[in-house]
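Participant: Below is a structure I'd like to ask you about.
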Amino acid sequence: MANYNKKSIADLDVAGKRVIVRVDFNVPLDKTTGEITDDKRIRGALPTIQYLVDHKAKVILVSHLGRPKNGPEAKFSMKPAVDRLSELLGQEVVLASDVIGEDAKAKAEALEDGQVLMLENVRFHKEETKNDPEFARELASLAELYVNDAFGTAHRAHASTAGLANYLPSACGFLIKKEIDVMGKALNDPARPFVAILGGAKVSDKIGVINNLIDKVDTLIIGGGMAYTFNAARGQTVGNSLLEEDKIELAKELMAKAEEKGVDLLLPEDNVIADHFAADADHKVVEGNIPEGWMGMDIGPKTVELYANALKDAKTVVWNGPMGVFEFENFAKGTAQIAEAIANSDAISIIGGGDSSAAIEQLGYADKVTHISTGGGASLEFLEGKVLPGIDCLQNKDAHRAYVCGNWKMNKGVPADAEKFVTELLAKVKDVDSEILIAVPYTVLDRLVALTDATNITVAAENCHFEDEGAYTGEISPKFLAKMGIHNVVLGHSERREYFGETDELVNKKVLAALNWGVRPIICVGESLEQREAGQTFDLVKQQVEAALADVPADRLGAHVTIAYEPIWAIGTGKTATAEQAEEVCAHIRQVLANLYCEETAENTRILYGGSMKAANAAELLGQKNIDGGLIGGASLKADDFSEIAKVYQDR
Ligand code: ADP
Ligand code: MG
């Protein structure tokens, strides 16, 4: 399950700090005058910007505008947006002439508390959409904190929408917070009855949404062009209506699934039909079958009544996609009347999708619904249950959210086994609350990154070198990892220390190199049996933690570093640390962090226990105050066992 419990700017101490804020100022411009034709997006970001100004932050805004192809182009300058923002904010907003160049750096440096700087269009750099780690690092170097408030691009993993969070402590702005509070609640814990109304042109555009919502809603209402594929599936003739023949089977399956789940699936009983697709086409209402030569353009009055009735007692309503060709007046009635029914209902009402949002606004109901999502594509992916990278990358509000990490090592015969494990696991942990990370061999990293895209499983490397490049046969640099889109790595694993002679100094070099590339390390520490029996555990672990963290700044620690206590004597020996033994050392590690940094940093750093954690003992271990998760090796890397461990957190 996507985690929507993220830090917001209200959780940050921003006074006197440089805060880089990704906003969505991709506003429509008049083609001839270049003037802004709709400033809704700028207004949408005002609460966040005003908050930062009022709280004495040095504000650095970054956005894209349009689709510049080859570097800077005057017509894609942020200038008009800056002018409008200055007016709305009632204070000067400075525009830098570049994004990460001399001017941006000088102007960021010169900012005083409460001042606002806007960088030039971030897409003047092609590295932006590639989420290039070096570009993200340069951009991050302008600031001390990162806030994402651009919901409209949150479904994209670009440097300014996700990459920055690998370098800076991060939080969401108020716009994204509202999106995830309202929509996240509707998806994860809706007030019932929960009714979804889906429309628009094509079934194929909305399959993901239907699939995700059918597991959650009490009633599913279908209208718009896509309804005709469903009506065809139940044996009606649909004339020349929009029909996706290759989706008829799918429509049948969805209808069967709805029936099986006890979901009420409502389809149009009558339609406004036209003799051709035009605003002034001849039209009439028919019930049931649509005759040859005619096409369905809108839902009919009986259907409106049926749908409005289903909305009456709803406590949560999600609407995506118009009920007909609402751009033509003669075929806009169904959409308008459904919009009215939603506006008049007491339900929590959420409007997602570009055209549906435009319709609600044009009709003047914007103030009568709970929430109009500001992202077209992003809200669709949200409703599909996908994990949005622009939200996923931000710091958790709950610093102790369970972190369940698997470590594949060199286990089993073929690389495909790791892939099979992750594939099976994806299905089993879809609704799990824990954060899940799987470290896999280099050979399958690429494939598994693709496989886990937009899901709640993150893929990590099991190790990396400390140099950026050079003649190190057989090694992989953190730069390689970052450029592959891998942002997590396990370092100093007990097996690396034991069999490959890794020292504390080497581990520290790797930690610093990883952080330099925006790759978040899980640092392993732990003692051998002889060391434990000689009573050296606490001193040794302290020494390992301190050495590994040499020169790591406090803000990187809380935001990007995880420590794993991994007693060597409990690995592959059949011996298991008791929950008390594990907790005792993890508490000690937290104290070491507190002494090294401060209480707050220690509190914000996740500490894992690794060493024969399995389904049977996970609840007890994860129940300990200072154990925030597990690093789980070979023995429990079966999808069933692993998912049991991952479920412990939400069951407690
Ligand atoms: P949203 O942007 O809200 O997600 P979509 O983009 O999926 O909505 O769908 C909107 C489009 O669907 C509109 O352009 C509308 O004209 C079209 N549409 C709705 N009903 C029909 C229909 N019966 N026949 C053809 N097009 C339709
Ligand atoms: Mg649309």
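The values are calculated or read from the model by the stated rules, or taken from the named source; none is laboratory data. As the structure is a computational prediction, the values presented were derived from the model and not from experiment. In this analysis, Cβ positions are derived from the backbone assuming ideal geometry, glycine residues included, and neighbour counts consider all displayed protein chains. Keep in mind that these areas ignore ligands, DNA and RNA; they rest on the heavy atoms of the full protein, side chains included. Shrake-Rupley method; radii C 1.70, N 1.55, O 1.52, S 1.80 Å.
Participant: Might you let me know whether the stretch 355-365 holds any residue that is within 21 Å of residue 177 (Cα to Cα) and of a type outside the set (Phe, Trp, Tyr)? Can you show your working first?
Facilitator: Within the stretch 355-365, the subset within 21 Å of residue 177 (Cα to Cα) is 357.
Retained after the next criterion (residues that are of a type outside the set (Phe, Trp, Tyr)): 357.
Yes.
Participant: Still on this structure, please answer the following. Output the residue which, of all residues in the stretch 516-526 that are open to solvent by less than 10 Å² (accessible area, probe 1.4 Å) and in contact with a Pro (Cβ under 8 Å, 6 or more places away or on another chain), is farthest from residue 394 (Cα to Cα). Steps first, please.
Facilitator: From the stretch 516-526, those open to solvent by less than 10 Å² (accessible area, probe 1.4 Å) are 517-519, 521-526; that's our starting set.
Those still in the list that are in contact with a Pro (Cβ under 8 Å, 6 or more places away or on another chain) too: 517-519, 526.
Values: 517: 17, 518: 13, 519: 14, 526: 29 Å.
Within the stretch 516-526, the match that is farthest from residue 394 (Cα to Cα) is 526.
Participant: Quick one: residue 56 ticks every box in (1) among the charged types (D, E, K, R); (2) open to solvent by 20 Å² or more (accessible area, probe 1.4 Å); (3) at negative phi except a single one, so which number is it?
Facilitator: The number of the failed condition is (3).
Participant: Identify the single condition in (1) at pLDDT below 95; (2) within 26 Å of residue 145 (Cβ to Cβ); (3) crowded, with 23+ Cβ neighbours inside 10 Å that residue 566 does not satisfy, given that it satisfies every other one.
Facilitator: Exception for residue 566: condition (2).
Participant: Looking at the structure I just gave you, is residue 580 within 28 Å of the chain's Cα centre (by Cα), open to solvent by 40 Å² or more (accessible area, probe 1.4 Å) and of a type outside the set (Ser, Thr, Tyr)? Before you say what the answer is, go through the steps one by one.
Facilitator: On the way: within 28 Å of the chain's Cα centre (by Cα): no; open to solvent by 40 Å² or more (accessible area, probe 1.4 Å): yes; of a type outside the set (Ser, Thr, Tyr): yes.
For residue 580, the condition - within 28 Å of the chain's Cα centre (by Cα), open to solvent by 40 Å² or more (accessible area, probe 1.4 Å) and of a type outside the set (Ser, Thr, Tyr) - is not met.
Participant: Residue check: is residue 522 among the aliphatic types (A, V, I, L, M) and either more than 21 Å from residue 629 (Cα to Cα) or without any contact (Cβ under 8 Å) to a residue 60 or more places away in the chain (or both)?
Facilitator: On the way: among the aliphatic types (A, V, I, L, M): yes; either more than 21 Å from residue 629 (Cα to Cα) or without any contact (Cβ under 8 Å) to a residue 60 or more places away in the chain (or both): no.
Against the criterion (among the aliphatic types (A, V, I, L, M) and either more than 21 Å from residue 629 (Cα to Cα) or without any contact (Cβ under 8 Å) to a residue 60 or more places away in the chain (or both)), residue 522 does not qualify.
Participant: Further question on the same structure: Name every residue in the stretch 204-246 that is open to solvent by 40 Å² or more (accessible area, probe 1.4 Å) and either aliphatic (A, V, I, L, M) or in a helix (DSSP H, G or I) (or both), in order of residue number.
Facilitator: Scanning the stretch 204-246 gives 204, 205, 211, 242, 243, 245, 246.
Participant: Does residue 366 satisfy the condition of being more than 14 Å from ligand 2 (Cβ to nearest atom) and out of contact with any Lys or Arg (no Cβ under 7 Å at 6 or more places or on another chain)? Spell out the reasoning first.
Facilitator: Numbers: more than 14 Å from ligand 2 (Cβ to nearest atom): yes; out of contact with any Lys or Arg (no Cβ under 7 Å at 6 or more places or on another chain): yes.
So residue 366 passes the test.
Participant: Here's another thing I want to ask about it. Scan the stretch 601-629 residue by residue and report those that are closer than 19 Å to residue 1 by Cβ and touching a helix residue (DSSP H, G or I) at 6+ places or on another chain (Cβ under 9 Å). So that I can check it myself, show each step before the final result.
Facilitator: Start the filter on the stretch 601-629 by keeping residues that are closer than 19 Å to residue 1 by Cβ, which leaves 606, 618, 622, 628-629.
Once the filter is applied, which keeps residues that are closer than 19 Å to residue 1 by Cβ and touching a helix residue (DSSP H, G or I) at 6+ places or on another chain (Cβ under 9 Å), the stretch 601-629 yields 618, 622, 628, 629.
Participant: Hey, residue 202 hits all of (1) in contact with a Gly (Cβ under 7 Å, 6 or more places away or on another chain); (2) closer than 18 Å to residue 454 by Cβ; (3) among the charged types (D, E, K, R) but one; which does it fall short on?
Facilitator: Residue 202 satisfies all of (1) in contact with a Gly (Cβ under 7 Å, 6 or more places away or on another chain); (2) closer than 18 Å to residue 454 by Cβ; (3) among the charged types (D, E, K, R) except (2).
For (1) in a loop (DSSP other than H, G, I, E, B); (2) closer than 19 Å to residue 68 by Cα; (3) within 14 Å of the chain's Cα centre (by Cα), each residue gets a yes or a no:
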| site | (1), (2), (3) |
| --- | --- |
| 105 | no, no, no |
| 120 | yes, yes, no |
| 128 | yes, yes, no |
| 134 | no, no, no |
| 142 | yes, no, no |
| 146 | no, no, no |
| 152 | no, yes, yes |
| 155 | yes, no, yes |
| 161 | yes, yes, yes |
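Participant: Kindly list, by first and then second residue, each pair from a residue in the stretch 280-307 that is free of Cβ contacts under 8 Å to residues at least 24 places away in the same chain to a residue that is open to solvent by 10 Å² or more (accessible area, probe 1.4 Å), limited to pairs with Cβ atoms under 6 Å and residues at least 6 apart or on different chains.
Facilitator: Short answer, once both residue conditions are applied: 282/275; 285/272.
Participant: Separate question: Counting only residues that are of a type in the set (A, V, I, L, M) and touching a His at 6+ places or on another chain (Cβ under 6 Å), which one in the stretch 350-402 is farthest from residue 334 (Cα to Cα)? Write out each step before concluding.
Facilitator: Kept after step one, since they are of a type in the set (A, V, I, L, M), are these residues of the stretch 350-402: 350-351, 358-360, 363, 366, 369, 372, 378, 380, 383, 387-388, 391, 394, 399, 402.
When the remaining residues are screened for being touching a His at 6+ places or on another chain (Cβ under 6 Å), the result is 350, 378, 388.
Details: 350: 18, 378: 26, 388: 32 Å.
Selected residue: 388.
Participant: Quick one: residue 548 ticks every box in (1) small (Gly, Ala, Ser); (2) touching an Asp or Glu at 6+ places or on another chain (Cβ under 7 Å); (3) open to solvent by 10 Å² or more (accessible area, probe 1.4 Å) bar one, so which box is it?
Facilitator: Going through the list (1) small (Gly, Ala, Ser); (2) touching an Asp or Glu at 6+ places or on another chain (Cβ under 7 Å); (3) open to solvent by 10 Å² or more (accessible area, probe 1.4 Å), residue 548 breaks only (3).
Participant: Sticking with this one: Residue under question is residue 147, and the condition is that it be surrounded by fewer than 21 Cβ atoms within 10 Å (Cβ to Cβ) and either aliphatic (A, V, I, L, M) or not assigned by TED's automatic domain parsing to the domain that holds residue 167 (or both); does it hold?
Facilitator: Numbers: surrounded by fewer than 21 Cβ atoms within 10 Å (Cβ to Cβ): no; either aliphatic (A, V, I, L, M) or not assigned by TED's automatic domain parsing to the domain that holds residue 167 (or both): yes.
In short, no.
Participant: Turning to a different aspect of this structure: Scanning for something within 12 Å of ligand 1 (Cβ to nearest atom), touching a Phe, Trp or Tyr at 6+ places or on another chain (Cβ under 8 Å) and open to solvent by 10 Å² or more (accessible area, probe 1.4 Å), does the stretch 329-344 turn up at least one residue?
Facilitator: There is at least one residue in the stretch 329-344 that is within 12 Å of ligand 1 (Cβ to nearest atom), touching a Phe, Trp or Tyr at 6+ places or on another chain (Cβ under 8 Å) and open to solvent by 10 Å² or more (accessible area, probe 1.4 Å).
Participant: Restricting to the stretch 81-102, name every residue that is touching a Phe, Trp or Tyr at 6+ places or on another chain (Cβ under 8 Å) and of a type in the set (Val, Ile, Thr).
Facilitator: Result: 99, 100.
Participant: Still on this structure, please answer the following. Could you grab me the full set of residues in the stretch 328-359 that are touching a residue at least 40 places away in the same chain (Cβ under 8 Å) and within 14 Å of ligand 2 (Cβ to nearest atom)?
Facilitator: Within the stretch 328-359, 335, 352, 353, 355, 356 qualify.
Participant: Report, ordered by the first and then the second residue, all pairs with beta carbons closer than 7 Å, sequence separation of six or more or different chains, a first member in the stretch 227-256 that is assigned by TED's automatic domain parsing to the domain that holds residue 271 and modelled with pLDDT of 95 or more, and a second member that is acidic (Asp, Glu) and open to solvent by less than 40 Å² (accessible area, probe 1.4 Å).
Facilitator: Listed by first residue and then by second, the contacts come to 229/244.
Participant: For residue 224, all conditions in the list (1) of a type outside the set (S, T, N, Q); (2) more than 10 Å from ligand 1 (Cβ to nearest atom); (3) closer than 17 Å to residue 332 by Cα hold save one; what is the number of the exception?
Facilitator: Against the list (1) of a type outside the set (S, T, N, Q); (2) more than 10 Å from ligand 1 (Cβ to nearest atom); (3) closer than 17 Å to residue 332 by Cα, residue 224 comes up short only on (2).
Participant: Hey, another quick one. Search the stretch 450-475 for residues that are assigned to a loop (DSSP other than H, G, I, E, B) and pair each with any residue that is open to solvent by 70 Å² or more (accessible area, probe 1.4 Å) when their beta-carbon atoms are under 7 Å apart and the residues are at least 6 apart or on different chains.
Facilitator: 454/386; 465/472; 465/475; 466/509
Participant: At least 3 residues that are more than 16 Å from ligand 1 (Cβ to nearest atom), surrounded by fewer than 21 Cβ atoms within 10 Å (Cβ to Cβ) and not charged (D, E, K, R) in each: list the helices (runs of 4 or more DSSP H) lying fully within the stretch 351-448 that qualify. Quick ask: steps written out before the conclusion?
Facilitator: Details: elements: 354-362, 376-383, 389-392, 415-428.
So the answer is 415-428.
Participant: Let me ask something additional. Can you report the number of residues in the stretch 190-203 which are open to solvent by less than 40 Å² (accessible area, probe 1.4 Å) and on the phi < 0 side of the Ramachandran plot?
Facilitator: Qualifying residue count, the stretch 190-203: 9.
Participant: Now, a different point. Given the stretch 550-616, what helices (runs of 4 or more DSSP H) lie entirely inside it while holding 3 or more residues that are closer than 20 Å to residue 405 by Cβ and in the same structural domain as residue 402 (by TED's automatic domain parsing)? If you could, list the steps in order and put the result at the bottom.
Facilitator: Values: elements: 554-560, 579-596, 599-603.
The helices (runs of 4 or more DSSP H) meeting that bar are 554-560, 579-596.
Participant: Can I ask one more? Looking at 189, 218, 205, 149 in this structure, which one is away from ligand 2 (no atom under 16 Å from the Cβ) and modelled with pLDDT under 95?
Facilitator: Selected residue: 189, the only one of 189, 218, 205, 149 that is away from ligand 2 (no atom under 16 Å from the Cβ) and modelled with pLDDT under 95.
Participant: Here's something else I'd like to know. So for the stretch 185-192 (the condition being of a type in the set (Lys, Arg) and closer than 29 Å to residue 133 by Cα), does at least one residue qualify? Steps first, please.
Facilitator: At the first step, the residues of the stretch 185-192 found to be of a type in the set (Lys, Arg) are 185, 192.
Okay, now just the ones that are also closer than 29 Å to residue 133 by Cα, so none.
No: the stretch 185-192 contains no residue that is of a type in the set (Lys, Arg) and closer than 29 Å to residue 133 by Cα.
Participant: Return the total of residues in the stretch 1-35 being surrounded by fewer than 18 Cβ atoms within 10 Å (Cβ to Cβ) and out of contact with any Gly (no Cβ under 9 Å at 6 or more places or on another chain).
Facilitator: 12
Participant: I'd like to check something: does the stretch 285-301 contain any residue that is open to solvent by 10 Å² or more (accessible area, probe 1.4 Å), away from ligand 1 (no atom under 12 Å from the Cβ) and closer than 24 Å to residue 349 by Cβ? Steps first, answer last, please.
Facilitator: We begin by selecting, within the stretch 285-301, every residue open to solvent by 10 Å² or more (accessible area, probe 1.4 Å); these are 285-289, 291-296, 301.
Restricting the remaining residues to those that are away from ligand 1 (no atom under 12 Å from the Cβ) gives 285-289, 291-293, 301.
With the extra rule that they be closer than 24 Å to residue 349 by Cβ, the set shrinks to 301.
Yes, there is a match, as at least one residue in the stretch 285-301 is open to solvent by 10 Å² or more (accessible area, probe 1.4 Å), away from ligand 1 (no atom under 12 Å from the Cβ) and closer than 24 Å to residue 349 by Cβ.
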